[in-house]
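Read the structure below first, then the notes.
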Amino acid sequence: MNSVLTLPADDVSGLTDEHLALRSRIRDELDRCVIPHADEWEARGFVSRQGWRALGSAGLLEFGHDGEDFLSSAVFLEELGRTGYAGIRAAVGVHAYMALSYLLLFGTAEQQEAYVPAARRGERIAALAISEENAGSDLRHLGTRAEPVGELGYRVTGRKCHIANGSQADFFVVLARTGEERGGRGLSGASLVIVDADSPGVSRTPRPMLGWHSADVCDVEFSDVAVPADRLLGRRDKALMHLMRGLDFERLAAGLLAVGGVAHCLELLNRFVRDHQVKDAPLAANQAVRHRIAELDSDLALVRNYAYHAAWLHSRGRLDTRVASILKLKATELAVAAAQTLVQYQGARGYRDEAAAARLHRDAIAGTIAAGASELLRDLIFEMG
Ligand SMILES: Cc1cc2nc3c(=O)[nH]c(=O)nc-3n(C[C@H](O)[C@H](O)[C@H](O)COP(=O)(O)OP(=O)(O)OC[C@H]3O[C@@H](n4cnc5c(N)ncnc54)[C@H](O)[C@@H]3O)c2cc1C
């Protein structure tokens, strides 16, 4: 089991003393609510209900999504990443940021009242159901349909894949086709709908992944599920517009989470190379080792500052796809490089199935696929350059 580690000596610019005090409080709360239970949640494959409620009671699920308040979220997301459990950070990130953002951005007052307060208390868990077997990076082949049924609402049918919080979610924000596919480069004729998980016709099948074990990844089937008309989220047939905003926000959150993950990994690495002896000297006695860690430390310093720059832009309503994509790409790929180095320098002990290093390595790979694969992000960055 890990413990949450010490504050960095040099915090990023743009944060106030209040943010630093908040960072310290968040660490204490995560140390209390997450760390003692993390291994059990990893083994079970999901965060317990009690865990969600503890996070809610500690006020950790209610940091702001926009304006100055988002800087508190940035601190929280980094600290959540720094716990070293990417499955938990993904579960919480999807619940409190990725799924909820669509309700906060596009929901009516009634929809927000019905879902947001309970989600912030950790009493109702949210999931975001966008991806399908044939609709991941390219959503034009979306197969799930929400057929309009007069004034009554919609009947939703389709199968969603790789859905975090899948078995435990109380509601899903679902992408479904409501109109005709018009061809072209973008997704057309699709909408977002909110589906309560206890609606007849919803079934979930856990699909454990290589990593992110406590993220509760499932396939979710919707078989002719009746969804009232007032559960349409945002504008009908205009999901593409909503997704473009939501995905930038998702990548910002994913980048901040990954930055925390890298910091945790480097703390383990720095400690290990100073402690572990090979040929009667600490590993850190080798220049090659010291230089490798210096490279990773330098990359983290750059990416971390860029992450807070992106958070600052978002707090002023100025985050764009290019900045969000650069952050997510660089932070998640650095996480893979750092975890690979940790396993390598720890030797066989880092490659054991139960080793923290092995978990970090498994988990880091998911970060480069979920919320936009690295290649897709490179395409976006090139197109917007
Ligand atoms: C652990 C995990 C959790 C997830 N959680 C959720 C969730 O909660 N909700 C949800 O809706 N989805 C979720 N996803 C799905 C995720 O968003 C998709 O995996 C992602 O969008 C990529 O889609 P895909 O896996 O279908 O890959 P595909 O789109 O089929 O792409 C396969 C691979 O092709 C390569 N590739 C893609 N585009 C390009 C390109 N332009 N150029 C070159 N190569 C390219 C990439 O290497 C990519 O990994 C999750 C995924 C993972 C791994």
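The values are calculated or read from the model by the stated rules, or taken from the named source; none is laboratory data. Note that the structure is a prediction, hence the values are computed from the model and not measured. All Cβ positions, glycine included, derive from the backbone under ideal geometry; neighbour counts span all protein chains shown.
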Go through (1) under 19 Å from Cys218 (Cβ atoms); (2) surrounded by fewer than 23 Cβ atoms within 10 Å (Cβ to Cβ) for Asp17 and report which single condition fails.
(1)
List the number of the failed condition for Ala226; all other conditions in (1) under 30 Å from Gly45 (Cβ atoms); (2) in the same structural domain as Gly136 (by TED's automatic domain parsing); (3) small (Gly, Ala, Ser); (4) within 16 Å of the ligand (Cβ to nearest atom) hold.
(4)
Any residue in region 196-218 that's in the same structural domain as Tyr115 (by TED's automatic domain parsing): show its pairings with residues that are modelled with pLDDT under 95 and among the small types (Gly, Ala, Ser) at Cβ separation under 9 Å, as long as the two are six or more apart or on different chains.
none
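Using the structure shown, decide if Asp28 is exposed (fewer than 13 other Cβ atoms within 10 Å of the Cβ) and modelled with pLDDT under 95.
Values: exposed (fewer than 13 other Cβ atoms within 10 Å of the Cβ): yes; modelled with pLDDT under 95: no.
The answer is no for Asp28.
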Residues of region 226-264 being touching a His at 6+ places or on another chain (Cβ under 9 Å) and in a helix (DSSP H, G or I), which ones?
Asp248, Phe249, Leu252
Do you know which residues across region 30-83 are in a helix (DSSP H, G or I), more than 15 Å from the chain's Cα centre (by Cα) and among the acidic types (Asp, Glu)?
Asp31, Asp39, Glu40, Glu42, Asp69
Cβ contacts < 6 Å: first residue within 14 Å of Phe222 (Cα to Cα), restricted to region 164-185; second residue of a type in the set (Ser, Thr, Tyr), any location; separation 6+ or different chain. Result?
Val173/Tyr102; Ala176/Thr144
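Check Gly136, Gly166 and return the single one that is more than 17 Å from Leu233 (Cα to Cα) and surrounded by fewer than 18 Cβ atoms within 10 Å (Cβ to Cβ). Steps first, answer last, please.
Details: Gly166 fails: surrounded by fewer than 18 Cβ atoms within 10 Å (Cβ to Cβ).
That would be Gly136, the only listed residue that is more than 17 Å from Leu233 (Cα to Cα) and surrounded by fewer than 18 Cβ atoms within 10 Å (Cβ to Cβ).
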Kindly evaluate Arg378 against the criterion of being among the basic types (Lys, Arg) and either within 30 Å of Thr16 (Cβ to Cβ) or without any contact (Cβ under 8 Å) to a residue 24 or more places away in the chain (or both).
no
Condition first: assigned to a strand (DSSP E or B) and farther than 24 Å from Ala373 by Cα. Now tell me which residues in region 156-189 satisfy that.
Val156, Thr157, Phe171
Show the residue pairs that are 6+ apart or on different chains and have beta-carbon atoms under 8 Å apart, the first residue being within region 64-86 and farther than 15 Å from His19 by Cβ, the second being in a helix (DSSP H, G or I) and among the hydroxyl-bearing types (Ser, Thr, Tyr).
His65/Ser73; His65/Tyr97; His65/Ser101; Asp66/Ser315
Determine whether Arg359 is surrounded by fewer than 16 Cβ atoms within 10 Å (Cβ to Cβ), more than 11 Å from the ligand (Cβ to nearest atom) and part of a helix (DSSP H, G or I).
no
Scanning region 291-315 for residues that are buried (at least 16 other Cβ atoms within 10 Å of the Cβ) and of a type in the set (Gly, Ala, Ser) gives Ala307, Ala310, Ala311, Ser315
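Within region 190-225, track down each residue that is of a type in the set (Gly, Ala, Ser), outside any strand (DSSP E or B) and surrounded by fewer than 16 Cβ atoms within 10 Å (Cβ to Cβ). Give the derivation first.
Residues of region 190-225 that are of a type in the set (Gly, Ala, Ser), as a first pass: 190-191, 197, 199, 201, 203, 211, 214-215, 223.
Adding the requirement that they be outside any strand (DSSP E or B) leaves 197, 199, 201, 211, 214.
The answer is Gly201, and nothing else.
What are the residues in region 108-139 that are more than 30 Å from Cys33 (Cα to Cα) and not β-branched (Val, Ile, Thr), if any? Step through it out loud before you land on a result.
Our first condition is that a residue be more than 30 Å from Cys33 (Cα to Cα); within region 108-139, this holds for 108-110, 131-139.
Those that are more than 30 Å from Cys33 (Cα to Cα) and not β-branched (Val, Ile, Thr): Ala109, Glu110, Ser131, Glu132, Glu133, Asn134, Ala135, Gly136, Ser137, Asp138, Leu139.
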Taking the conditions exactly as written (over 14 Å from Leu240 (Cα atoms), near the ligand (Cβ under 9 Å from one of its atoms), in the same structural domain as Ala215 (by TED's automatic domain parsing) and not β-branched (Val, Ile, Thr)), does Gly150 satisfy them or not?
no
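Residues are listed down the side, and each one gets a yes or a no for (1) modelled with pLDDT of 95 or more; (2) closer than 27 Å to Leu71 by Cα; (3) not assigned by TED's automatic domain parsing to the domain that holds Val195:
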position: Leu233; (1), (2), (3): yes, yes, no
position: Ala263; (1), (2), (3): yes, yes, yes
position: Leu269; (1), (2), (3): yes, no, yes
position: Gln277; (1), (2), (3): yes, no, yes
position: Ala281; (1), (2), (3): yes, no, yes
Search result, residues across region 212-227 that are in contact with a strand residue (DSSP E or B) (Cβ under 7 Å, 6 or more places away or on another chain) and aromatic (Phe, Trp, Tyr)
Phe222
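Is it fair to say Thr178 is surrounded by fewer than 20 Cβ atoms within 10 Å (Cβ to Cβ) and among the β-branched types (Val, Ile, Thr)?
Numbers: surrounded by fewer than 20 Cβ atoms within 10 Å (Cβ to Cβ): no; among the β-branched types (Val, Ile, Thr): yes.
When the stated conditions are applied, Thr178 does not pass them.
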